[in-house]
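What follows is a short report on a single structure.
The values are calculated or read from the model by the stated rules, or taken from the named source; none is laboratory data. As the structure is a computational prediction, the values presented were derived from the model and not from experiment. As a convention, Cβ positions derive from the backbone with ideal geometry for all residues, glycine included, and neighbour counts pool all protein chains shown. Keep in mind that these areas ignore ligands, DNA and RNA; they rest on the heavy atoms of the full protein, side chains included. Shrake-Rupley method; radii C 1.70, N 1.55, O 1.52, S 1.80 Å.
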Protein chains: 2
Amino acid sequence: MTHSNSGLRLGRRGFLATTAAAGGVAASADQVFAIESPALHQPGIITAQQPCAYFITFDLATTKRDEVVALLRRWTEAADALMAGVSVHGLADSGEIDGLKDRDLTITIGFGPGLFQKDGKDRYGLNTHRPEALADLPRFTGDQLVPARTGGDLCIQCCANDPQTTLHASRALTRLAYGVADPRWAQAGFLPSFGKGKTPRNLMGFKDGTINPDSQNPQSAGRYIWAADTDLPWMQGGSYLVSRIIRIALEHWDRTPVSFQEETMGREKQSGAPIGGHDEFEPLTLAQKDHDGNPVTAQNSHARLAAPEENGGAQILRRAYSYDNGLSFTAERWPPWRQGMEMDAGLLFMSWQQDPRTGFTRIFERMSKFDMMNQYTTHIGGGLFACPGRRKGGYIGQALFEA
Amino acid sequence: MTHSNSGLRLGRRGFLATTAAAGGVAASADQVFAIESPALHQPGIITAQQPCAYFITFDLATTKRDEVVALLRRWTEAADALMAGVSVHGLADSGEIDGLKDRDLTITIGFGPGLFQKDGKDRYGLNTHRPEALADLPRFTGDQLVPARTGGDLCIQCCANDPQTTLHASRALTRLAYGVADPRWAQAGFLPSFGKGKTPRNLMGFKDGTINPDSQNPQSAGRYIWAADTDLPWMQGGSYLVSRIIRIALEHWDRTPVSFQEETMGREKQSGAPIGGHDEFEPLTLAQKDHDGNPVTAQNSHARLAAPEENGGAQILRRAYSYDNGLSFTAERWPPWRQGMEMDAGLLFMSWQQDPRTGFTRIFERMSKFDMMNQYTTHIGGGLFACPGRRKGGYIGQALFEA
C-alpha cells in the first residue's frame, strides 16, 4: 500500500525525532506551532482505501476546555505513534497486534457540532469559531436516525489492512479519553479485495464510487474536498465528513430482478457501465432517449440523481465501506413490507467535502425525495464532523483552540 | 491457502461433472447415495482457519419434513457450487463477489436440537435418531445467553479470506431457505493475519489456540474431533459444534496490569509461553511451585483449567474468531462495575468435538466456576449443533432422514 498523498504519515524515525528530545509532543508542539507553517492534510481522506475501517464517535463528558485540549494532545501524539507502528507513550499496549506484520494505518480525527454548542450552550468558548460549513444537517426525507448511532462531539476514523489494527488503534485512543469523552457509537466497515485500481462492489453487487472527484489532482481536491480558502483559518487543510450508516434491505434487493436493479441504479450491474454504455468510466447516458422518447437513464435513478451534472456541478468524495452487524428485527419500508430478522448490513457511507451545504446536503436533498434506491435503503445513523488540517508539530485542533 | 484435509472441497470441474448430467443434484444424489460409500467430513472443521467467518442460525418455520429435506438438498447443492466458485443453480446471484479473485470458501452445515424436538414435539419424526451426544447443554455458572443470539434449528458456518465472500455465501443460502427456515441470529468473526503457522492473538492480546488436538493427525482427530464409531450411523464423519459468543470486557482488561493478565491467563503475554517458561509450545507449568510453595501457574488460571491434564484428558478443537459489533450499553460484572457504552467485542468461540458431554461441557463446567478469566468474559449467546458427515453425492443429513 502506498500513501504518497496522505500528507501526515510519519515514519518511525520521523516520529521519534519529533518527540524524543522534548520527552513528549506537548512541549515541542507549541514551539513548532509558533513558527508559521503550511496546513497539512490528515490521512484517511484522500488516502487510497484499505480493506478495513473502524469509525467511532464520542460525547465530551468534561466541562473544562483544558481537558479537551489535553485530550487532543494525547490523541495526536498517540495517533502519530500508532501510525508509525510504535507504542503509545504512557499507555500499556493492549498487545493484540504484537507480531502483526502489516500495521499500515491511518487515523483521522474530527469535531462535531457539539464541540461548539450543545443544548444551546457554548461549552468551551469555541462557538464563535464554528465554521458556517458545519451547520447542522437538515432532516432528510426518510431519515430514521437512531440516536444511539448518531452524532458525537468528536470522531475518529481508523483505516487499515487488518481489522485487528483498526480495533487496536481505536481502543488505545478510547482509553486515552477515559473520563473526558465517552464512546457514543462505533461501526466497523470493510471493503472486498478486488485488487488495485478496481472499483469494489458494494453489497448490492454494484461497483461503488465510480464517479468521484480526482482526489490526487490538487486542483480537483482543492475545489471539492478540502476546506475553502475562505473558510476559517483553523479549517485550512481540513475537510468536512458526512457519515451515514445506510442499512440496505438486501433481502428485498435480492428478490428484485436485475433489470430493475439496473434501472434503479442507473448502471449495468456486471460492467458498471452507464445504461446503454459499455465501460464503467464512460459518461452517464443522461441525455440519451429510448425509442419511446424516455431517458435511458431514468430520471429517478440513483446514478443520475447523484451526478454532478444534475446537481449544479456539486461533488463529494465518497469513501464508503460495507458494514455487517449480523441480524436484527426490521420492518421493510416498502412492499412487500416484510417483517422479521433481516441483515443489519449496508453501507458505512463516508463522504468528504469542502462544504456539506454545497456537497452532501445539496446532492442528497433531491436524492432523499426521488431516488428509486430509497425503496431499499434507510439512513439509520451517522454524523457531521469538521476534520481540521494540522500544522507540523501541532496537535489536531490547535489552531482552533488558539484562535 | 491449502485445504488438503478438508474432505469435501470440489473443484469447479468436479462439481460440474457431478451435476451436469443429471441437471441438478437431486436425482444424481440418490443414485450415488444408494451405493455404500465412506462418510466424508464437511469442510470448515479441520480446515486451516481463514481470516473471515460468518455464522448464522435458522429456526425452521415449516411443519413438513419434505420441505426440510428439500431445503437440505438445495443447501448442499448450493454450498458445493459456492465452494467451487460457480453460480447457484436457479438463484440469481447477488453479484457482490463478481470479479473477486479470492473466493476460497468453506461452508459447514449443522443441526440443532430443535430439528429433533421443540416444545416437547417431535416435529419431523426424527427424535428417535437424536444422538445422545446432542443433549441440551446445561446452564453454566455466569451464562447470560440472550435468546436473540442463542440456539437455532440449523446453522451454517462460512469461512473465507474475504468478508464479502462469507456474506455472499450466507446470503445465498438464506435466500434458499425463505419460507422454510427463518434467520435467527448471525455473527461475523475475523482473525488477524499473523502469517502461516503463527498462532493469532485474540483481542486480549494473547495467543489463542496453542493447545489444540492435532487435527491433521487422523488418530487424534478421530479421538477428539470426529463423532465416535459408536455414535449413530448418520453422524459418522461428523462433529459436534459448541458455539459461544463470548463478550470480553476489554475496557476492564485493558486497565488490568499485564502481570495480572498473565496470572489470569496462565501464560506470558508476549511469547505465549507458560508462566516461567520460554516457548509457546512447551508444556504448561502445572506442577512447578514458586519459593512459597504455590503453583507458578495458578489453580484458577485459564490455561490450567482448560488443560487436558486437568480434565481427564478431555480435548476439543477450538477454532475461534474475534468478533466486533461496535458499542452497546453494558454493566460490567465485576469491580469497578462500570456502566456505559462499551465495546461489544470478544470471541466467536467455535469448538468442535466428538461429544459435547465429554468435551465442552466437561471442560467448561469447572472453568465457568473457577476461571479467573470470568471476571472479564461473559457468554452472551451461542448454540449446539450436530454437523454430520456426508456420503459422496448425497445431501447433508441424508443419512439422518433416510435412517
Identify, from the list B:Ala345, B:Ala314, B:Ala331, B:Ala306, the residue that is in the same structural domain as B:Leu284 (by TED's automatic domain parsing), aliphatic (A, V, I, L, M) and out of contact with any helix residue (DSSP H, G or I) (no Cβ under 9 Å at 6 or more places or on another chain). B:Ala331
So which residues in the range A:180-220 are of a type in the set (D, E, K, R) and either modelled with pLDDT of 95 or more or closer than 25 Å to B:Ala172 by Cβ (or both), if there are any at all? A:Asp182, A:Arg184, A:Lys198, A:Arg201, A:Lys207, A:Asp208, A:Asp214
Does the range A:339-349 contain at least one residue that is open to solvent by 10 Å² or more (accessible area, probe 1.4 Å), more than 15 Å from A:Arg149 (Cβ to Cβ) and away from every other protein chain (no Cβ under 14 Å)? no
If you go through the range A:243-281, how many residues are under 25 Å from A:Trp352 (Cβ atoms) and surrounded by 13 or more Cβ atoms within 10 Å (Cβ to Cβ)? 12
Cβ pairs under 9 Å, 6+ apart or interchain, first in the range A:84-111 and outside any loop (DSSP other than H, G, I, E, B), second of a type outside the set (Lys, Arg) and open to solvent by 50 Å² or more (accessible area, probe 1.4 Å), ordered by first then second residue, are A:Ala84/A:Leu10; A:Ala84/A:Leu16
Kindly indicate whether any position in the range B:303-315 is within 14 Å of another protein chain (Cβ to nearest Cβ) and open to solvent by less than 20 Å² (accessible area, probe 1.4 Å). no
Tell me which residues, restricted to the range A:144-175, are at the interface with chain B (Cβ under 10 Å from one of its Cβ atoms), in a helix (DSSP H, G or I) and touching a strand residue (DSSP E or B) at 6+ places or on another chain (Cβ under 9 Å). A:Ala148, A:Arg149, A:Pro163, A:Gln164, A:Thr165, A:Thr166, A:Leu167, A:His168, A:Ser170, A:Arg171, A:Thr174
Across the range B:190-230, which residue is nearest to B:Gly359 (Cα to Cα) among those that are open to solvent by 30 Å² or more (accessible area, probe 1.4 Å), in contact (Cβ under 8 Å) with a residue 12 or more places away in the chain and over 16 Å from the mean Cα position of the chain (by Cα)? B:Arg223
What are the residues in the range B:381-395 that are at pLDDT 95 or above and within 22 Å of B:Gly359 (Cβ to Cβ), if any? B:Gly381, B:Gly382, B:Gly383, B:Leu384, B:Phe385, B:Ala386, B:Cys387, B:Pro388, B:Gly389
Across the range A:329-367, what is the number of residues that are in a strand (DSSP E or B) and either in contact with a Cys (Cβ under 6 Å, 6 or more places away or on another chain) or of a type in the set (Ser, Thr, Tyr) (or both)? 2
Just need a number here: residues in the range B:54-99 that are touching a Pro at 6+ places or on another chain (Cβ under 9 Å), within 14 Å of chain A (Cβ to nearest Cβ) and crowded, with 20+ Cβ neighbours inside 10 Å. 6
Is there a residue being in contact with a Lys or Arg (Cβ under 7 Å, 6 or more places away or on another chain), of a type outside the set (Gly, Ala, Ser) and within 28 Å of A:Ser87 (Cβ to Cβ) anywhere in the range A:169-176? yes
List pairs: first in the range A:332-358 and farther than 24 Å from A:Gln187 by Cα, second surrounded by fewer than 23 Cβ atoms within 10 Å (Cβ to Cβ) and among the polar types (S, T, N, Q), Cβ under 7 Å, 6+ apart or cross-chain? A:Trp334/A:Gln375
Looking at (1) closer than 22 Å to B:Ala181 by Cα; (2) open to solvent by 40 Å² or more (accessible area, probe 1.4 Å); (3) touching a residue at least 60 places away in the same chain (Cβ under 8 Å), find the lone condition where B:Thr141 falls short. (1)
Filtering the range A:30-45 down to residues that are modelled with pLDDT of 95 or more, open to solvent by 20 Å² or more (accessible area, probe 1.4 Å) and assigned to a loop (DSSP other than H, G, I, E, B) yields A:His41
